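Here is the structure we will look at, set down as structure tokens.
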């Protein structure tokens, strides 16, 4: 993985995040030298979902009301069914995600998290992947879906599932190191 010393990354999540989809990027990105903050709706801790039951809790570093995209170089959106479904009805979460995109920063989403890209409109006209059950939502929102481990489109990084985490994390680091991403209109 590319060196991320001096870079800052937000992982936006709430209860029900897929355990590995938060834990693995957190460990790998911190291991590459980045400062990584778990950002959530409320302070305290959020509880993961581990395959078929509740998983471990993770401490929240910052609340959504205390951060802005200017504080970070990228945002990572873990999946799971519960987490993105809860976040996609929170306007402050959608605004936070959209501000990264508007500022030409890296936006990375895995599994069911492309639901958040649907809600923000970011997905329209972009090449993406997701968990298979989200494919129709992505296509209906104007995304160009493909079945690949990782898909990148002008700073937008998407992956399908926990089996893709190594490729997902490597591509996030690569995209952050490229800097600002010029974006064509969708």
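Rule-based calculations on the coordinates, nothing more; no lab input. Owing to the predicted nature of the structure, the values given are computational and were not obtained by experimental measurement. Please note: Cβ atoms are built from the backbone with ideal geometry, for glycine as well, and neighbour counts cover all protein chains shown.
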_Taking the beta-carbon count within 10 Å as an exposure proxy, list 72, 131 from fewest neighbours to most._
131, 72
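Based only on the alpha carbon positions, what is the Kirkwood hydrodynamic radius of the range 81-143, in angstrom?
One decimal place: 11.6 Å for the Kirkwood radius.
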*Would you compute, from DSSP H runs of 4+ residues alone, the mean residue ellipticity of the chain at 222 nm, taking -39500 (n - 2.57) per run and dividing by the full residue count, rounded to the nearest 500?*
-9000 deg cm²/dmol
*Take the Cα pairs of the chain, get the Kirkwood Rh, then feed it into Stokes-Einstein at 20 °C and 1.002 mPa s and tell me D in µm²/s.*
136
*With just the Cα atoms of the range 54-101, tell me how far they stretch along each of the three principal axes, in Å, largest first.*
33, 22, 17
*Distance from the Cα centre of the range 3-60 to that of the range 144-178, in angstrom?*
17
*In square nanometres, what is the average projected area of the Cα convex hull of the range 108-186?*
4.6
_Of 121, 44, 80, the one that fluctuates the most in a GNM where the chain has Cα springs shorter than 10 Å_ = 44
_Share antiparallel - DSSP beta bridges, the range 8-178, percent rounded to 5_ = 30
*Any idea what the relative contact order of the chain is, in percent, if you count C-alpha pairs under 8 Å spaced at least 6 apart?*
21
*Top of 59, 114, 25 by mean-square fluctuation, Gaussian network on the chain, Cα under 10 Å*: 59
*Pick from 48, 143, 33: which is most flexible by mean-square fluctuation in a GNM of the chain where alpha carbon atoms under 10 Å apart are linked?*
33
